[in-house]
Each structure stands twice: as structure tokens, then as C-alpha cells.
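Undergrad: Pasting a structure here, questions to come.
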Amino acid sequence: MYKEICHKMVLPPELKKVLFESSAEIVMPETREDIVRFALGGKMQPTFDVSYDVPGKGNVREVYVNLCKNGLAVNYDDIYMRRRDPDCMVVADDLPTDKATHEARYGKPFEPIRDETFTWLAEQKELIVMPFMAGNESVGLGYEALLVAPSNASFFAGGLSDLQGFIPASKIRDMYKPRAIIYLAPTFRHTHYNGQQIVVHRRSYDMHEIFSYNLYPGPSAKKGIYGVLLNIGEQENWLTLHAATAHLITPYEQVFTILHEGASGGGKSEMIGPMHRLMDGRVLLAKNLVNGVERHLTIMDNSELCPVTDDMALAHPKMQQQLETRKLVVADAEDGWFLRVNHITKYGTDPATEDLTIHPKKPLIFVNIDGAPGSSILLWEHIIDEVGEKPYKPCPNPRVIMPRRNVPNHVDYPVEVDVRSFGIRTPPCTKEKPSYGIVGMFHVLPPALAWLWRLAAPRGHDNPSIVETEGMTSEGVGSFFPFLVGKMVNQANLLLEQIINTPSTRYILIPNQHIGVFNVGFSGQWVTREFLARRGGVRFREGALTNARCPLLGYALNSMKVDGQNIPKYLLQVDLQNEVGPEAYDQGAKMLSDFFKSEVRKFLTPGLNDMGKKIIDACLNDATVEDYLNFIPKM
């Protein structure tokens with residue numbers, strides 16, 4: 001039966017041979033319940049081990065899956081597999097790329113390994129073949145795709161189906177032609193790649209193959225498909241932004257939309273999440289790390305929050321044209337969201353998300369969260385990375401895959417963006433230990449400077465989503481370079497053209513974790529969101545803004561009032577903090593400037609937009625805020 005359905009598809013000859021000439025059985029899901037059953041070995045048993053025979057290692061268990069009341073608890077034995085390796089992508093084709101090629105990194109061509117992959121798949125007892133859609137079909141940007149995997153790894157298929165939206169077997173049309181195919185072969189990380197979580201992209205002009213040699217869905221089911229959309233957009237001149245988008249309706253029925261970009265850990269998911277409050281209803285705004293003094297806010301009425309995108313935002317110019325607007329227009333590129341919940345460490349931290357996951361409409365898939373068979377999975381029960389002596393070290397990357405349809409008030413249609421923000425994780429900054437943690441509560445950026453922030457895209461301090469890295473590093477153009485298969489200069493040009501062509505959208509910069517000596521977590525982000533929504537954006541009266549002491553930070557606010565309460569000026573302008581002061585601030589500014597210069601210089605390559613070259617030259621020559629404003633004057 002399933003082979004007959006596969007015969008409807010237009011498939012590569014190597015895959016046809018696997019599906020039609022090998023002894024491997026084929027299963028295809030008709031319902032999500034089928035996927036859950038496949039993930040537990042074909043029957044609803046309490047626990048299931050995902051293991052494989054690996055030459056020289058014997059039987060290796062990669063994952064164990066527990067059936068709980070509210071979903072599947074998926075956990076990895078190898079701690080390294082619990083976070084995305086930022087260097088996992090390699091490219092194995094002759095099309096233009098800035099990424100490491102397979103031959104350059106490993107000294108050998110990929111084609112023989114590709115052949116071995118098909119042989120390995122053909123040797124499996126049973127394969128799951130799952131058609132799905134990449135992108136968003138409802139806005140005309142949906143692309144047919146396919147997963148081929150050993151059926152004992154069907155939890156991976158479940159995660160992919162929730163993230164992208166699978167197509168039931170009975171709904172497959174004749175001549176179904178995948179634009180992208182994911183091949184899953186977990187043992188190859190042991191046999192060919194020294195245990196690394198490698199994902200190989202192999203492009204042609206009408207097919208994008210992803211060979212996923214690991215079982216963590218981040219690099220392939222999520223970011224791999226992001227790479228597919230970026231590749232299509234690079235061919236067709238449009239962008240998929242690395243962004244969360246929140247549509248807000250204020251207590252005064254004013255509508256406001258903010259799109260928040262940034263590297264992993266930059267606060268995207270938090271931007272579409274509710275403001276966290278203490279038990280008495282107050283908001284803990286900031287805590288001084290030196291003297292322990294806390295600042296609180298009392299915000300009586302929140303704006304109504306309507307999430308639009310969580311991580312991937314389609315930004316095709318045709319949507320802007322259809323709405324006849326001068327603002328950026330975006331729609332969601334995903335069917336579900338890969339929510340990181342490391343901030344939820346106890347009951348009551350985030351009641352809305354806790355309620356969605358404890359009592360879901362259908363069983364969810366949880367990753368890196370402990371859940372005994374038959375129990376309810378609780379978001380604050382993160383799997384432990386290191387036991388040893390107490391305190392134990394929990395995994396910093398617990399996740400739940402949340403189908404968008406489960407999220408209250410979610411928006412399914414394209415929206416106009418009023419404010420486009422960029423997030424950065426910042427460390428503490430003090431006189432004794434200066435750092436780049438000099439960013440105030442938020443800064444207003446001229447459009448040209450906003451473009452530079454998207455080129456430099458600092459990954460920032462203490463990133464929980466990826467394997468640990470030292471110091472400040474860049475996540476590259478648009479903050480999506482780790483997922484980009486093509487040329488970063490092409491994406492830089494598209495970003496600049498997009499900014500020029502959306503002159504009615506404004507730009508800000510928002511830090512999280514620290515503002516100078518103050519620990520803020522994501523509270524500054526939530527308060528800024530509420531502040532801007534209530535005042536309708538970032539148009540300020542004369543004198544409300546001042547040039548930031550560091551030109552790369554654009555303009556700082558002279559004052560900020562939320563629900564009748566003044567935000568201390570030292571949270572708006574970090575050099576005013578006694579524990580920081582001008583000298584330490586300037587040292588942090590130099591760190592930021594040196595980092596920017598080293599990153600943006602990389603874009604001075606043939607093909608860069610002429611205006612882009614002028615903006616980068618200005619940065620390298622320590623431009624002022626006014627210099628940046630003159631490149632693309634605000635409308």
C-alpha cells in the first residue's frame with residue numbers, strides 16, 4: 001500500500017532504489033497518533049530505546065523515549081547531543097557557498113558517503129517515509145518536502161511533523177515532487193564523523209538534500225529546513241528572517257506589532273511570551289549584582305499578546321505589495337515552535353506555557369526534560385547533564401515542540417511590522433570587570449546601523465542553545481548564517497534592500513540578561529514591548545533621545561515612563577551607573593567596536609551593494625550616529 005503511494009512521487013533514482021528494490025518495509029503516517037505509536041516501536045509501550053548496531057562499538061543507545069500522560073519525553077544519552085553544535089553544517093555540492101565544504105573539512109568527497117547512506121537505509125528493517133510542507137502554504141510559500149528515516153527514530157518524524165506540518169498518506173497527490181528531502185542515518189556520526197552531529201547539505205537547482213547524521217532535531221528538522229528556505233529565497237530574492245513576531249492590542253485598543261531578531265538566546269521566544277511576574281503581581285525589573293538592591297514595576301494591565309512567529313519569519317516582498325504598505329510584512333514559516341524553557345525552573349514561573357504543556361490538546365514532544373513513564377512531564381524538571389556532587393547541573397537547553405494551533409490568540413495571516421528589534425545577550429559590566437554589557441534598556445537605531453547589527457549578529461553571553469563557545473562570537477548575517485548554505489554577501493544585500501524598501505518600519509536594540517551591573521533576565525525586553533505598544537512605536541518628541549556614548553548603540557532615551565512609573569536613567573544610559581562609570585563603559589564600547597569591525601569587514605567582497613560598502617567603510621572609520629542616519633534617512 002505505502003509503496004503504491006510512494007510511486008506517485010517524483011523521487012531521485014537512488015531513493016527509488018531504496019524504496020522499491022530493497023527489502024525494507026515502508027510505513028507512512030495517516031494521523032499524528034500513528035507517529036506517536038511509531039515512536040514507541042509500533043505499539044503504545046511505556047518506554048522505547050532508539051539504538052543501533054555500530055561497527056566497533058556494538059549496540060549504541062542514542063535516545064530513550066518515555067510515554068507520559070501529556071506526551072513523549074525524549075532524552076539523549078550523549079550530553080553533547082542535547083544542544084546544537086554551531087559547526088555541524090557542511091556543504092557537498094559545487095554551488096556558491098561560504099560554508100565549509102565536505103571535501104575541505106574532511107579531505108574527501110561526499111559522494112561515496114552519500115552512496116553508503118542509501119545502502120544503510122536500504123538495509124533497515126523498516127523505514128518511515130513522511131511527506132511534509134516547508135514554509136507556509138497559505139501565503140503561497142509552501143514547498144513539498146520529504147523525510148526518509150529508520151522507523152525506530154519516529155520521534156524525530158514527530159518533531160518534524162509538529163514543526164513543519166506533515167501530509168497524511170492518503171492526501172499525497174500524483175506527481176508529488178519534493179523540493180527538499182531529509183535522510184536520517186544516525187550511525188554515521190560514529191562511523192564517519194568521530195561522534196560529531198554533522199548535517200550535510202547537497203543542493204541542485206530543483207532539489208535540496210539534507211543528510212542528517214544525528215538525532216537532535218535542531219540542526220536538521222528545524223534549522224536544516226530553515227537552510228532550505230534561505231536557499232530558495234537566495235535564488236528568488238526574498239528573505240526568511242530569524243525572528244519572533246508579537247502582535248499586541250493595548251488596554252486602549254491600540255494595535256502594535258514588533259518583530260524581534262537575534263542570535264540563538266537573543267530573546268526571540270521570550271518576545272512572544274507573557275511578562276513574568278512575582279507572586280504579588282509585580283515585575284522584577286532589575287537586581288544590582290553588587291548590593292542586591294531590586295527594582296520593581298507594577299503594571300496593572302498587560303496588552304493582549306498575539307504571537308505571529310517564533311523563530312522563522314517569511315518576508316517575501318509580494319506580501320508587502322498585497323497590503324500596499326511601506327512597512328515590513330511577515331508571516332510564519334513554521335507550523336510549530338521549538339520552545340526553549342530553561343528559564344522555567346519551578347512551578348508558577350510561566351503559568352501560560354505550563355498550562356499549555358501539562359494539559360495539551362494532543363500529546364506533545366519534550367526534549368531534554370525528565371519524564372517517567374506514565375507521569376506528567378513538567379517543564380521545570382530538566383534532564384541533568386552532570387550529577388556528581390550537588391548542586392546538579394541541569395541541561396541548559398530543555399525544549400518542547402508546541403504546535404502553533406495550540407497557542408492562544410496566535411495569528412495565521414501576514415502582519416505589518418511597526419518596530420523591528422534586535423536582541424543581544426549581555427554580560428555584567430563593572431569597573432572591576434568591564435565588558436560589552438553597556439547596552440541600555442533599549443536603544444533607537446538609524447536604519448543603516450540596524451543593518452550593521454544584522455551583519456555582526458553577536459551571539460553574546462552564556463548562550464544556552466548551543467554547544468559552549470568562548471567569548472563574543474558572531475551568528476553571522478541576519479543572525480541566520482549558521483543555517484545558510486549560500487553566500488552571505490547575497491543575504492546582506494537582500495537585508496539592506498529590505499530595509500530601504502520598508503521605510504515606515506523603525507529599529508531598536510534590546511539587551512537581555514544584564515544592563516551594566518544589573519541582572520534583568522528578559523524583563524527589560526517585556527517592559528520595552530509594553531512601553532512601545534502603549535505609545536504606538538518609536539516616534540519621540542525633540543529632546544527625548546540623546547546620542548549614546550557608544551555610536552554603535554545609536555540613540556539612548558533620556559527618560560522612560562511605564563504605567564506612570566519612571567525607569568531609572570541609569571538603566572537607559574549605563575555609563576551613569578556608579579558601579580560602571582564612563583571609563584569602564586568606554587572599555588566595553590571598544591570591545592564592541594573591535595568586534596563589529598572584525599565582523600563587518602568580512603562583507604567587503606565583490607558583489608556587495610555600493611551603499612552597503614559605504615556603510616561598512618563608515619563603521620571601520622568610527623562613524624557617528626548622524627553619519628549612519630544620513631545613509632538612509634528616516635521617513
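The values are calculated or read from the model by the stated rules, or taken from the named source; none is laboratory data. If you're wondering where the values come from, they're calculated on a predicted model, not measured in any experiment. Here the Cβ positions follow ideal geometry from the backbone for every residue, glycine too, while neighbour counts run over all protein chains shown. Accessible surface is based on the protein model in full, side chains and every heavy atom, while ligands, DNA and RNA are left aside. Shrake-Rupley method; radii C 1.70, N 1.55, O 1.52, S 1.80 Å.
Undergrad: Pop a pseudo-label 7 angstrom from the Cα along the beta-carbon direction at both Ser22 and Val290 and give the gap in nm to one decimal.
TA: 6.4
Undergrad: For region 47-205, report the % of Cα-Cα distances exceeding 21 Å. Walk me through the intermediate numbers first.
TA: On the way: 6821 of 12561 pairs.
That tail contains 54 percent of the Cα-Cα pairs.
Undergrad: Could you work out how much longer the chain between Thr298 and Lys393 gets when fully extended? Use 0.36 nm per residue separation minus the Cα distance between them, nm to one decimal. All intermediate terms of the calculation are to be shown ahead of the outcome.
TA: Working: separation 95, 0.36 × 95 = 34.20 nm, distance 3.36 nm.
Fully extending the segment from Thr298 to Lys393 adds 30.8 nm.
Undergrad: Something else now. Size of region 180-270 along its principal axes in angstrom, Cα-based, largest extent first?
TA: So the three principal-axis extents are 60, 30, 17 Å.
Undergrad: Something else: Would you mind putting 436-445, 27-36, 240-249, 362-371 in packing order, based on average other-beta-carbon counts within 10 Å, highest first?
TA: Details: 436-445: 27.1, 27-36: 18.5, 240-249: 25.5, 362-371: 22.9.
Ranked from most to least packed, the peptides come out as 436-445, 240-249, 362-371, 27-36.
Undergrad: Still on this structure, please answer the following. Tally Lys/Arg at +1 and Asp/Glu at -1 over every other residue whose Cβ is under 12 Å from the Cβ of Leu557; what's the total?
TA: Working: positive: Arg535, Arg541, Lys561, Lys569; negative: none.
Local charge sum for Leu557: +4.
Undergrad: Which of the trypsin sites (Lys or Arg not before Pro) found in region 478-545 are loop residues per DSSP with 15 or fewer other Cβ atoms within 10 Å of their Cβ? If you can, show how the numbers build up before the last one.
TA: Details: sites: Lys487, Arg506, Arg529, Arg534, Arg535, Arg539, Arg541; in loops: Lys487, Arg539, Arg541.
Sparse-neighbourhood loop trypsin sites (Lys or Arg not before Pro): Arg539, Arg541.
Undergrad: Using a 1.4 Å probe on the protein heavy atoms only, what accessible surface does Glu21 show? Give it in Å² to the nearest 10.
TA: So the heavy atoms of Glu21 present about 140 Å² to solvent.
Undergrad: Which FRET efficiency, nearest 0.05, do Leu620 and Ile500 yield, Cβ-Cβ r, R0 30 Å? All intermediate terms of the calculation are to be shown ahead of the outcome.
TA: Values: r = 21 Å, r/R0 = 0.71.
With R0 = 30 Å, the Cβ-Cβ based efficiency is 0.90.
Undergrad: Per q in 0.16 1/Å, what log10 I(q)/I(0) does a Debye calculation on the alpha-carbon atoms of region 60-120 return?
TA: Debye output, listed in q order: -0.78.
Undergrad: Bin width 5 Å, alpha-carbon pairs only: give the P(r) of region 306-398 as whole percents, running from 0 to the bin holding the largest distance.
TA: 2, 11, 16, 18, 15, 10, 9, 8, 6, 3, 2, 1, 0
Undergrad: Ignoring ligands and nucleic acids, what accessible area does Asp162 show with a 1.4 Å probe (Å², nearest 10)?
TA: Roll a 1.4 Å probe over it and Asp162 shows about 0 Å².
Undergrad: Starting from the eigenvalues of the Cα gyration tensor, five times each then square-rooted, give me the equivalent ellipsoid semi-axes of region 1-128, largest first, whole Å. It would help to have the intermediate numbers written out before the result.
TA: Values: eigenvalues 163, 110, 47 Å².
Working from the Cα gyration tensor, I get semi-axes of 29, 23, 15 Å.
Undergrad: Further question: Taking R0 as 56 Å, what's the FRET efficiency between Ile384 and Thr605 from their Cβ-Cβ distance, rounded to 0.05?
TA: Values: r = 46 Å, r/R0 = 0.81.
After rounding, the FRET efficiency stands at 0.80.
Undergrad: Arrange the residues His382, His296, His7 by how much accessible surface each exposes, largest first, with a 1.4 angstrom probe. Mind dumping the intermediate values first?
TA: Numbers: His382 20, His296 55, His7 120 Å².
My answer, sorted largest first, is His7, His296, His382.
Undergrad: Could you tell me what percent of the DSSP beta bridges with both partners in the chain are antiparallel, to the nearest 5? It would help to have the intermediate numbers written out before the result.
TA: Values: 80 of 114 bridges.
Beta bridges within the chain, antiparallel portion: roughly 70 percent.
Undergrad: Based on DSSP H runs of at least 4 residues, each adding -39500 (n - 2.57), what is the mean residue ellipticity at 222 nm of the chain after dividing by all its residues, to the nearest 500 deg cm²/dmol? Write down the numbers at each step before the final one.
TA: Values: 18 runs with 166 residues, N = 635.
Counting only the DSSP helices, I get -7500 deg cm²/dmol.
Undergrad: Hey, another quick one. Taking all pairs of different Cα atoms in region 396-464, averaging 1/r and flipping that mean, what Kirkwood radius in angstroms comes out? Before the final figure, lay out the partial values.
TA: Details: mean 1/r = 0.0633 Å⁻¹.
Result for region 396-464 stands at 15.8 Å.
Undergrad: Moving on. From zero outward in steps of 10 Å, how is the percent of C-alpha pairs of region 79-152 spread across the bins?
TA: Going out from 0 Å in 10 Å bins, region 79-152 shows 15, 25, 45, 15, 0 percent.
Undergrad: Here is a further query. Within region 163-205, name every residue whose backbone N is under 19 Å away from a label modeled 7 Å from Cα of Glu4 along the Cβ vector.
TA: Backbone N within reach: 168-176.
Undergrad: Test of understanding: what is the full-extension gain from Gln565 to Asp412, defined as 0.36 nm times their sequence separation minus their Cα-Cα distance? Please report the intermediate quantities before stating the final value.
TA: Values: separation 153, 0.36 × 153 = 55.08 nm, distance 3.49 nm.
Roughly 51.6 nm would be gained on extension.
Undergrad: Given a 1.4 Å probe and every protein chain left where it sits, what share in percent of the accessible area of the chain is carbon and sulfur?
TA: The nonpolar share, carbon plus sulfur, comes to 50 percent.
Undergrad: While we're here: Can you give me the distance in nm between label points at Gln196 and Arg539, each placed 7 Å from the Cα along the Cα-to-Cβ direction?
TA: It is 5.2 nm.
Undergrad: How big is region 506-615 on each of its three principal axes, counting only the C-alpha atoms and giving the largest first in Å?
TA: 52, 34, 27
Undergrad: Continuing with this model, one more query. Quick check on my link table: of Lys327/Lys597; Lys487/Lys613; Lys17/Lys57; Lys222/Lys487; Lys223/Lys590; Lys8/Lys487, which ones sit more than 27 Å apart, alpha carbon to alpha carbon?
TA: Numbers: Lys327/Lys597 30 Å; Lys487/Lys613 16 Å; Lys17/Lys57 29 Å; Lys222/Lys487 20 Å; Lys223/Lys590 33 Å; Lys8/Lys487 35 Å.
With Cα atoms farther than 27 Å apart: Lys327/Lys597; Lys17/Lys57; Lys223/Lys590; Lys8/Lys487.
Undergrad: Using only the Cα atoms of region 438-597, what semi-axes does the equivalent ellipsoid have when each is the square root of 5 times a gyration tensor eigenvalue? Give whole Å, largest first.
TA: 26, 21, 15
Undergrad: For a test of the definition: using alpha carbon positions, the gyration tensor, and the 1.5 limit on a/c, classify region 1-58 as rounded, prolate or oblate. Don't skip to the end; give the middle numbers.
TA: Values: a/c = 3.14, a/b = 1.25, b/c = 2.51.
Oblate shape, in that a/c is at least 1.5 and b/c is the bigger or equal ratio.
Undergrad: Another question, if that's okay. How about Lys393: which aspartates and glutamates have a C-alpha closer than 17 Å to its C-alpha, ignoring those fewer than 8 places off in the same chain?
TA: Of all the aspartates and glutamates, those that pass the test against Lys393 - Cα under 17 Å, at least 8 places apart if same chain - are Asp77, Asp78, Asp370, Glu381, Asp385, Asp462, Glu468.
Undergrad: Rounded to whole Å and ordered largest first, report the semi-axes of the equivalent ellipsoid of region 210-360 derived from its Cα gyration tensor (root of 5λ).
TA: Numbers: eigenvalues 199, 98, 42 Å².
For region 210-360, the ellipsoid semi-axes come out as 32, 22, 14 Å.
Undergrad: Let me ask you something else. Using every alpha carbon pair in the chain, what percent of pairs falls into each 20 Å bin from 0 up to the bin containing the largest distance?
TA: 19, 54, 25, 2
Undergrad: Report the accessible area of Met44, computed with a 1.4 Å probe over the heavy atoms of all protein chains in place, in Å² rounded to the nearest 10.
TA: Only protein atoms counted, so the area is about 110 Å².
Undergrad: Still on this structure: For region 461-599, with every protein chain kept in place, what is the accessible area per residue (1.4 Å probe, Å²)?
TA: Working: 4770 Å² over 139 residues.
With the other protein chains kept in place, region 461-599 gives 34 Å² per residue.
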